[in-house]
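> Provided herewith is a single structure, encoded as structure tokens, for subsequent inquiry.
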């Protein structure tokens, strides 16, 4: 048998082997696809709508807004009262200083 015949026979055998390997790979992929496992983790629990929370927010928000408004008004009244008190005391002090001198 010559080298050319031997090389041709080896080439035919290699082609046949590669066809067999491709067929085996295709069969293995098909088996893996048919035997694919489902999810391993438990399904997520179904969450019920949380309407109670939003009702509480809807009720509490106006009370919070009114409380904040009253606090701001109280602060403004205190600031005006303090200003008036300081001005009156300054006038009294100036009158006292004029009377001494």
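> Between residue 92 and residue 35, with labels modelled 7 Å along Cα→Cβ, what's the label distance in nm to one decimal, could you check?
It works out to 10.0 nm between the two label points.
> Right, something else. For the Cα atoms of the chain, what angle does the longest principal axis make with the long axis of helix 3-34, in degrees from 0 to 90, nearest 10?
For 3-34 against the chain, the angle is about 40 degrees.
> Please compute the modelled spin-label separation between residue 18 and residue 65, points set 7 Å along Cα→Cβ, answer in nm with one decimal.
7.7
> For the pair residue 26 and residue 5, what calculated FRET efficiency results from E = 1/(1 + (r/R0)^6), where r is the Cβ-Cβ distance and R0 = 25 Å, to the nearest 0.05?
0.20
> Then there is this: Of all alpha-carbon pairs in the range 29-91, indicate the percentage at a distance above 20 angstrom. If you can, show how the numbers build up before the last one.
Values: 1352 of 1953 pairs.
Pairs farther apart than 20 Å: 69 percent.
> Then there is this: For the range 1-56, take every pair of Cα atoms, bin their distances at 5 Å starting from 0, and report each bin as a whole percent.
4, 13, 8, 9, 8, 8, 7, 6, 6, 5, 5, 4, 4, 4, 3, 2, 2, 1, 1, 0
> If you fit an axis through the alpha-carbon atoms of helix 51-100 and take the longest principal axis of the Cα set of the chain, what angle between them do you get, 0 to 90°, nearest 10?
30
No value in this document is a laboratory result; all are computed from the given coordinates. Remember, it's a predicted structure, so these values are computed and weren't measured experimentally. Positions of Cβ are backbone-derived with ideal geometry, glycine not excepted, and every protein chain shown enters the neighbour counts.
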